[in-house]
Amino acid sequence: MTDYEKLYKGISRAAWGYLLVYFDFTFNGFNILPDFIGWLFFLSAIASLKEEQPALRLLRPFAWCFVIWSGIQWVWAVFSLPGIQISPILLLPISLAELYFHFQFLTNLASVAATHQPEDAPHQKRLLLCRTVQTVVLTVNTLLVRFLPQSIFSGLTVILLFTHLGAAVFTTIILFQLRKSLLQAQ
Amino acid sequence: MLSLWAFLLQTLTASGAAVILLVIKRLFQDKLPPRWQFAAWGILALVLLYPTATGRYTLINWQIPVEVLKGFCKDYTFTRVYFPFPVLTAFPSTLPQWLFTGYILGVLWTAAGYILANCKLRRILRSSDAPDAQTADRIAQVAKIYGLKTCQTVTVDGLPSAFLWGIFRPVLVLPAGTVPDEKVLLHELLHLKNRDTLWSLLVCLLRCIHWCNPFLMHCADLCLNDLEARCDQRVLERLDGDDRRDYGRALLAMANDGFPKVPASTGMHNGAKQISHRIEAISRFKQYPSGMGLVSVCVLLILAAYLVTGMQSNTIYQNYRNFALASASARSIPCTTAAAAFDTYAMAVLEQNGLYRIMCASVLDQEELHSQVAAKVAQRVTPNWDWGLDSWPNKTSGYSIYNLRETRDGGYEGLFVCRLNYPPDGKPAEEGKMYLALQKLRAEEEEGRWVTIPLEDMQLFIATDQSLYRNNSEIPAIHYCGTQGLLQAEAILQTVHWVNRVSQEGYCDTTPRPNTDFTHNYCHSDLQFTHLGTQKQRDTITRLGMSAAPVYPGAEPQALPPANGSYISGGNSTGTEWGGTDLQPGWGPSVLVAGGGTGVGDEYNGIPIKGLAEYYIADLYVNRELAGTLTLYPQEGDCQ
């Protein structure tokens, strides 16, 4: 497989992965866009892009963990099994790993865009912007939950939610655009 | 830390935080560089320096096993960590106190060991020599090339490797007889630049305090290893290609040498095993992903937010087969607001649950309460707490706190009211009557938690007025009184606070809420005149009116609306009331001229406590003329 084919495949898988991970469509309690398939797409993207961006290899263990974790959650929801209370402290490693994963993954994807796109192409800057916005929003949201009273929190939550949603939509769109431009470049 | 229990709580909580921290550091070992790995230890330092808050935990709720141990020692005092270091406040007389004294002696012994090592080193350095010219030139050259400052340098015979020592006037100590490698000098000068001896001293201080916790001792070793790895990273950032390999060789050459362990010092050599890890890290130097600055800071912020503040414990183990554990869990959950203290007491009454009562009981009541409830649990008697009346409270009616007021010492006092299912002592219920339990209660802060103290026994009260949450005219109110001539003016104020526990379907959730605020209050006031003269004197008055407003502590009196019109009466949300009434001959001696109430509720956010007014300011109107302005002061019972 040529370099551009690999790049196209990798970016394509990443784009579909984000579509599945960011957006849920639930029908009768059944999420027809399961997150664990999105994480499998990420694994495939990493396999395709690891030669271009060697640092992506470091994300493989995280991606596998999230495949398993989101898979368990999906099965739990499908069979309507009773919820289990897990302390937020125990979920902390998962939350931090996910925060890091998306940050590094998008940084590496932006690096691919910078390398294989014309200088004036906007994909790199936009990906980096989305990456930064999402990281900051998630961090601020987490800190708000810990420290601020609910009355202030409820208003800010809405703003943060819409910002995160906007960044998620934008990220997915940019990746599909990047995929298209790689196809044209090929 | 003033007791053994406080120390156990502090050191075990920090251990829980350290476990989480080690897991996170391992997760990011190959992703975030040594600089981040060392910075993460700052979070553990914060946890160790921040007194563990009562009722909060990180991984395991250590307060419960500590309370169980205390229970075995018949110690029912509240455990609170005031300082992150131990303080002996009294001569020991019990076993836990002697153990605490032994622990403090251990702290002093460990500190003495470090001080002795430093004194020995200082003595050695006094007789040391200045470096030879070649060494001095090399140091100056390295400093110049890499833009670093230097410090006083000495050489000592028999030293295995170089190290930096001292906080305010650091000294670079070199082995005598050899010219040190440039990279070794670079390593030590970078320690100097970053004041790493300060971190080393901090670790030593924390080691002294937690000398008997082997896990934290191990974490201290790991922290110092990360300090060296961070310095290695800084060295490698300034070197290139072959020089980096030479640096690794220099490290490897030290592997079999000894190394000094002195507080407030840092050295390139930190043990053969660590050197092999550092060489592995050197080989990984270029493999850390670049551009991870923002996310590394975000990860640290989130970690700090969770590990330093911990999680609030709010689950009582109601497993009476292990009462020691159940009561320990109750004591480990403090009420954090006055409203929560009243509410938890109310839930104890509604459920007749001794564990709920333990949660909000004062330290003085804990031992007796524990014995009473334990005895009933052992005999399998339910309910396990005697709440004061031989009847069952009506859960679906909830409870209210009447006439809540803040006292001068920052506590709160009010009247607890709940409805009974039937009269006590097996008496038959009468139609049209409501059977209530009333009790004056006080909530105050004690050792960082809110506790409830009954001011009297629970009393039976029979009322015909069926209202519980709004203006029950038969339940005591606060009377504000003032007299002008023969006219006695009175404002009768009644406030009600409660936490809504009853759902629309009539289900009462009695699970304790240790952090709750009141969700509703209602405030009702009546304005009344009493004429103290004869009927003949009364009959000269054909109309009375009053306009009155409450004045709360620290507030200024408001302007009063007039009350001299024929049909003008009303009130506003601040509690101001006005009104008047025409009088017929033969009226009296008392007449109501205005009355009304207002309430607020916020089940999501809670509402602040609205205490009682300090006094009322009132304009009196006699026969539509302003007769005077009075200040009405509160009195016990009716106005005299």
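The values are calculated or read from the model by the stated rules, or taken from the named source; none is laboratory data. Being a predicted model, the structure only gives us computed values, none of them experimental. With ideal geometry, Cβ positions are generated from the backbone for all residues, glycine too; neighbour counts draw on all protein chains shown.
Working carefully through the options B:L364, B:L307, B:L369, find the one that is modelled with pLDDT of 90 or more, within 30 Å of B:F38 (Cα to Cα) and either of a type outside the set (D, E) or touching a strand residue (DSSP E or B) at 6+ places or on another chain (Cβ under 9 Å) (or both). Reasoning before the result, please.
Details: B:L364 fails: within 30 Å of B:F38 (Cα to Cα); B:L369 fails: within 30 Å of B:F38 (Cα to Cα).
The conditions single out B:L307.
Which one of these is aromatic (F, W, Y), in contact (Cβ under 8 Å) with a residue 12 or more places away in the chain and in a helix (DSSP H, G or I): B:Y402, B:Y356?
Working: B:Y402 fails: in a helix (DSSP H, G or I).
Every option except B:Y356 fails the conditions.
A quick yes/no check of all residues on (1) at pLDDT 90 or above; (2) surrounded by fewer than 18 Cβ atoms within 10 Å (Cβ to Cβ):
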residue: B:Q10; (1), (2): yes, no
residue: B:F28; (1), (2): yes, no
residue: B:F38; (1), (2): yes, no
residue: B:L46; (1), (2): yes, yes
residue: B:T52; (1), (2): no, no
residue: B:N61; (1), (2): no, no
residue: B:P92; (1), (2): no, yes
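Okay, residues lined up against (1) of a type outside the set (G, A, S); (2) touching a residue at least 24 places away in the same chain (Cβ under 8 Å); (3) under 24 Å from A:E5 (Cβ atoms):
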{"position": "A:S44", "(1), (2), (3)": "no, yes, yes"}
{"position": "A:S70", "(1), (2), (3)": "no, yes, no"}
{"position": "A:V75", "(1), (2), (3)": "yes, no, no"}
{"position": "A:L90", "(1), (2), (3)": "yes, no, no"}
{"position": "A:A113", "(1), (2), (3)": "no, yes, yes"}
{"position": "A:H123", "(1), (2), (3)": "yes, yes, yes"}
{"position": "A:T132", "(1), (2), (3)": "yes, no, no"}
{"position": "A:V137", "(1), (2), (3)": "yes, yes, no"}
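With the requirement that a residue be under 40 Å from the mean Cα position of the chain (by Cα) and closer than 13 Å to B:A437 by Cα, what does region B:412-423 give you? Walk me through it before giving the result.
Filtering region B:412-423 for residues under 40 Å from the mean Cα position of the chain (by Cα) gives B:412-421.
Residues satisfying the conditions are B:L415, B:F416, B:V417, B:C418, B:R419, B:L420, B:N421.
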In region B:368-386, which residue that is of a type in the set (A, V, I, L, M, F, W, C) and assigned to a helix (DSSP H, G or I) is nearest to B:D75 (Cα to Cα)? B:L369
Scan region B:456-483 for residues that are touching a strand residue (DSSP E or B) at 6+ places or on another chain (Cβ under 7 Å), β-branched (V, I, T) and assigned to a strand (DSSP E or B) and jot them down. B:I462, B:I478
Quick one: would you say B:I609 is modelled with pLDDT under 85 and over 23 Å from B:Q535 (Cα atoms)? yes
What about B:I541, is it assigned to a loop (DSSP other than H, G, I, E, B), farther than 20 Å from B:Q494 by Cα and in contact (Cβ under 8 Å) with a residue 24 or more places away in the chain? yes
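Here's the yes/no breakdown for (1) out of contact with any helix residue (DSSP H, G or I) (no Cβ under 8 Å at 6 or more places or on another chain); (2) assigned to a loop (DSSP other than H, G, I, E, B):
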position: B:T511; (1), (2): no, yes
position: B:Q528; (1), (2): yes, no
position: B:G575; (1), (2): yes, yes
position: B:G580; (1), (2): yes, no
For B:V87, work out the one condition from (1) free of Cβ contacts under 8 Å to residues at least 60 places away in the same chain; (2) within 41 Å of the chain's Cα centre (by Cα) it doesn't fulfil. (1)
Note on region B:130-162: residues aliphatic (A, V, I, L, M), in contact (Cβ under 8 Å) with a residue 40 or more places away in the chain and assigned to a loop (DSSP other than H, G, I, E, B) are B:L148, B:L159, B:A162
Please list, ordered by first then second residue, the pairs with beta carbon atoms under 8 Å, 6 or more apart or interchain, first in region B:594-610 and at negative phi, second of a type in the set (K, R) and assigned to a loop (DSSP other than H, G, I, E, B). B:G597/B:R470; B:G599/B:R470
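When residues of region A:46-68 are filtered for being under 15 Å from A:V21 (Cβ atoms) and more than 15 Å from the chain's Cα centre (by Cα), how many remain?
The initial filter retains those residues of region A:46-68 that are under 15 Å from A:V21 (Cβ atoms), namely A:46, A:59, A:62-68.
Now narrow it down to the ones that are more than 15 Å from the chain's Cα centre (by Cα): A:68.
Selection size over region A:46-68: 1.
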Within region B:278-331, count every residue that is in contact with a helix residue (DSSP H, G or I) (Cβ under 7 Å, 6 or more places away or on another chain) and part of a helix (DSSP H, G or I). 30
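For residues that are acidic (D, E) and modelled with pLDDT under 85, scanning just region B:612-638, find the one that is surrounded by the most Cβ atoms within 10 Å (Cβ to Cβ). Even if it seems obvious, please write down each step before you answer.
Kept after step one, since they are acidic (D, E), are these residues of region B:612-638: B:614, B:619, B:625, B:636, B:638.
Restricting the remaining residues to those that are modelled with pLDDT under 85 gives B:636, B:638.
Numbers: B:E636: 8, B:D638: 12.
Only one residue fits best here, namely B:D638.
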If we keep only residues of region B:601-640 that are over 45 Å from the mean Cα position of the chain (by Cα) and of a type in the set (S, T, Y), then the residue farthest from B:T574 (Cα to Cα) is B:Y621
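Taking into account only those residues within region B:299-308 that are in contact with a Phe, Trp or Tyr (Cβ under 8 Å, 6 or more places away or on another chain) and within 9 Å of another protein chain (Cβ to nearest Cβ), which is surrounded by the fewest Cβ atoms within 10 Å (Cβ to Cβ)?
Initially, region B:299-308 is screened for residues in contact with a Phe, Trp or Tyr (Cβ under 8 Å, 6 or more places away or on another chain), giving B:299-300, B:305, B:308.
From the residues that got through so far, the ones that are within 9 Å of another protein chain (Cβ to nearest Cβ) too are B:299, B:305.
On the way: B:V299: 25, B:A305: 18.
Top of the filtered list is B:A305.
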Meets criteria (of a type in the set (A, V, I, L, M), part of a loop (DSSP other than H, G, I, E, B) and surrounded by fewer than 21 Cβ atoms within 10 Å (Cβ to Cβ)) for B:A429: yes
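Before we move on, is B:G411 surrounded by fewer than 18 Cβ atoms within 10 Å (Cβ to Cβ), over 15 Å from B:N353 (Cα atoms) and not charged (D, E, K, R)? Give the steps one after another, and end with the answer.
On the way: surrounded by fewer than 18 Cβ atoms within 10 Å (Cβ to Cβ): no; over 15 Å from B:N353 (Cα atoms): yes; not charged (D, E, K, R): yes.
Judged against the criteria, B:G411 is not a match.
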Only one of A:H123, A:H116 is over 23 Å from A:F23 (Cβ atoms) and either surrounded by 13 or more Cβ atoms within 10 Å (Cβ to Cβ) or at pLDDT 80 or above (or both), namely A:H116
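Going by the structure shown, is A:I46 β-branched (V, I, T), assigned to a helix (DSSP H, G or I), over 30 Å from B:N61 (Cβ atoms) and within 14 Å of chain B (Cβ to nearest Cβ)?
On the way: β-branched (V, I, T): yes; assigned to a helix (DSSP H, G or I): yes; over 30 Å from B:N61 (Cβ atoms): yes; within 14 Å of chain B (Cβ to nearest Cβ): yes.
It is true that A:I46 is β-branched (V, I, T), assigned to a helix (DSSP H, G or I), over 30 Å from B:N61 (Cβ atoms) and within 14 Å of chain B (Cβ to nearest Cβ).
Could you tell me which of the residues A:I68, A:I72, A:I86 is β-branched (V, I, T), within 12 Å of chain B (Cβ to nearest Cβ) and either out of contact with any Leu (no Cβ under 7 Å at 6 or more places or on another chain) or outside any helix (DSSP H, G or I) (or both)?
Details: A:I68 fails: within 12 Å of chain B (Cβ to nearest Cβ); A:I72 fails: within 12 Å of chain B (Cβ to nearest Cβ).
None of the other options fit; the residue is A:I86.
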Taking the residues in region A:89-132 that are outside any helix (DSSP H, G or I) and of a type outside the set (D, E) as candidates, determine which candidate is farthest from the other protein chains (Cβ to nearest Cβ). A:P118
Against the condition within 14 Å of chain B (Cβ to nearest Cβ), within 14 Å of the chain's Cα centre (by Cα), surrounded by 14 or more Cβ atoms within 10 Å (Cβ to Cβ) and among the polar types (S, T, N, Q), how does A:T135 come out, does it pass? yes
